[in-house]
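Everything below concerns the one structure shown next.
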Amino acid sequence: MQKWVRRRPAVAALSATSILFLLTIAIGATVASIRLKAGRNAAEANRDEAEANLYVAETAMAFAAWDRGSASLPRILLDNQRPKPRRPDLRGFEWHYLDALWRTQPSPLFTFPPGSDAIFGLACSPAGRLVAAGQQDGKIQLLDFVTRRVIGVLQSQTQWVYSVAFSPDGKRLVSSNPRKRFDVWDVEKQILVTNLLGHSTFDAIGVAWSRDGRRIATTSAGSLYNRTLPGEIFVWDGNTYEKLFALEGHSAGPWKPAFSPDSRLLATPHTDGTILLWDLNSRRPVRTFGLINGSLFDPLGDSENRVINPGSLKRSVLLTRIANLGREHMPPLATTVLNSQAIKLLRDWITNGLAKYQSYGDWQLANFGSTNALNAAPDLDADGDGAINQLEYLTGTNPLLAGDGWGIRLAVAETQAEIQFPRIANRGFEVQWTTNLVDPNSWQPVDVARNEPLISATSSTVSVQDQLTSAPRKFYRVRILEP
């Protein structure tokens, strides 16, 4: 070997250099491999941590959405956390618990294609084949249960269809129209047959067709802002469409009516929380029902019990029946599972939302000493500040102090208007606009996501933005609703 090195010194030197170079590459490759593996391990650890954090966050969001009464969002969030291929299953007891809760809820068999706007009125035909869906934009969709398709759209107005009702044979449909009338339609031909004219108050609200087909009942509200005005209840001939008579004796605005199965009685819910049961022969109310402090057929052995007793869980029979299984359980379904969401919602409402509840009569007594005081009427402005008593009642302001008022702020920046106002707990608010102050039927809601007239459990400040158009003038107002 030594002789070979002496004979070929250049080749030997080159071989030694090559060996050293290969050794260096091997060492370098090993170090790089170690570093690459360490980096991969760190990346895997970061990914594991990120997925664990996401699981905790989305599971918490799912529980919060469930507590708010949402069924779709918890399902989406739970499905997001199903294990991916070659990834660990992070689901624990909490995931499976909420998944089991979700599965106790009824699920839809199918979904019709979405309409062009929000649905206000809904009715099924007596044969169960069709559904009529009255929308906010004034359209009425006719939906077929069998084909699961939209088979027609009816429209004779530009705003809300609060109520729709089929005739007993399913051949005709009557719908409410905010322009103080009700429309009668031929369902098969999808044409307007006639109008029921005669309501003089602002909003045509509710309609019902008796089971014998002989009568149609319609209701209209006195005012969007004054919920104590009585409004109107009319009964019409179901064949000739002539007005037969009006029902009188109610003191608060009526909403959607309902006939008894024998068509002899009519029930009308009212904005003061009562339900009147009318005998259509005598045309007088034969019984008054109420939810808040409503009387009971069976007080369950305690004369202080009510349907809902504000502030008292023990003496609220509606809660008792919903929260306990057995023969008296509500709703009367063959179930062994309590509706925990409904129970929690009702308990919170009784103990929190209703603890300081005042009807308009209670509010009159507290502020004016009498419901019959001269300046206590709902449409009067006792303190001269521009807000009628009904508005002061809805917003919780002092009707005898002009400096205590509720109002809205309007700010305009280039092509956008911002309407800001205090939202009061247990009230609904909706920003509306018009370009014509003369026409009371021209008001319509600002069509943005934050403008839904939802009832909130807490007070807050709300801001609604609206895009300005080329119209020369645009006016805004805020509609206030009682729950």
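Accessible area per residue for the chain in Å², computed with a 1.4 Å probe and the full protein assembly in place, what is it? Please report the intermediate quantities before stating the final value.
Details: 27540 Å² over 483 residues.
Accessible surface, normalised per residue, equals 57 Å².
Annotation for residue 146 and residue 73: the two label points, set 7 Å from Cα along the Cα-Cβ direction, are 4.0 nm apart.
Taking the Cβ of residue 419 as the center, what net charge do the other residues with Cβ under 14 Å away carry, scoring Lys and Arg +1 and Asp and Glu -1? It works out to a net charge of +2. With a cut-off of 13 Å between beta carbons, the residues surrounding residue 111 carry a summed charge of +2, where Lys and Arg count +1 and Asp and Glu -1. Over the range 311-392, with every protein chain in place, what whole percent of the accessible area is carbon and sulfur at 1.4 Å, could you tell me? Its accessible area is 56 percent carbon and sulfur atoms.
The residue list 476, 70, 170 was ranked by how far each Cα lies along the charge dipole of the chain toward its positive end, using unit charges on Cβ atoms, and 70 comes out on top.
For the pair residue 286 and residue 481, a Förster radius of 35 Å applied to the C-beta separation gives a FRET efficiency near 0.75, rounded to the nearest 0.05.
Find the Cα radius of gyration of the chain, compare it with 2.2 N^0.38 Å by division, and give the number to two decimals.
For the chain, the normalised Cα radius of gyration comes out at 1.45.
Bridgeable lysines around residue 256 (alpha carbons under 22 Å apart, same-chain partners fewer than 8 residues away excluded): 139, 171, 180, 243. Just the protein heavy atoms count here, and of the accessible area of the range 73-159 at 1.4 Å, carbon and sulfur take up 59 percent. Sorting the segments 231-238, 245-252, 207-214 by their residues' average number of neighbouring beta-carbon atoms within 10 angstrom, most packed first, yields 231-238, 207-214, 245-252. Note: relative contact order over the range 368-419, using C-alpha pairs below 8 Å and six or more positions apart, is 20 percent. Annotation: for a label point projected 7 angstrom from Cα along Cα→Cβ of residue 415, residues of the range 438-471 with backbone N closer than 11 Å are 467-470.
One quarter of the convex hull surface built on the alpha carbon atoms of the range 389-467 amounts to 6.4 nm², the projected area averaged over directions. Of the solvent-accessible surface of the range 177-297, computed with a 1.4 Å probe over protein heavy atoms with every protein chain present, carbon and sulfur atoms account for 50 percent. The angle separating the long axis of helix 93-103 from the principal Cα axis of greatest extent in the chain is about 40 degrees. For the range 280-337, the calculated P(r), taken from all Cα-Cα distances in 5 Å bins from zero up to the bin holding the longest distance, is 4, 18, 22, 20, 14, 11, 7, 4, 1 percent. Compared with the alpha-carbon gap, the fully stretched path from residue 188 to residue 468 is longer by 96.7 nm at 0.36 nm per residue.
The slack between residue 366 and residue 402, meaning 0.36 nm per residue of separation minus the straight C-alpha distance, is 11.2 nm. Taking amide H atoms as placed 1.01 Å from N in the peptide plane, the amide H of residue 263 lies under 5 Å from those of 211, each 5 or more residues away in sequence or on another chain.
When Lys and Arg each count +1 and Asp and Glu each count -1, what net charge do the other residues less than 13 Å away from residue 66, Cβ to Cβ, add up to? Net charge around residue 66: 0. For the chain, the relative contact order comes to 6 percent (Cα pairs under 8 Å, sequence separation of at least 6).
The values are calculated or read from the model by the stated rules, or taken from the named source; none is laboratory data. Quick caveat: nothing in here was measured; it's all calculated off a predicted structure. So basically every Cβ, Gly included, is an ideal-geometry build from the backbone, and we count neighbours across all protein chains shown. Ligands, DNA and RNA are stripped out before the accessible areas are found, and what is left, the full protein with its side chains, is counted by its heavy atoms. Shrake-Rupley method; radii C 1.70, N 1.55, O 1.52, S 1.80 Å.
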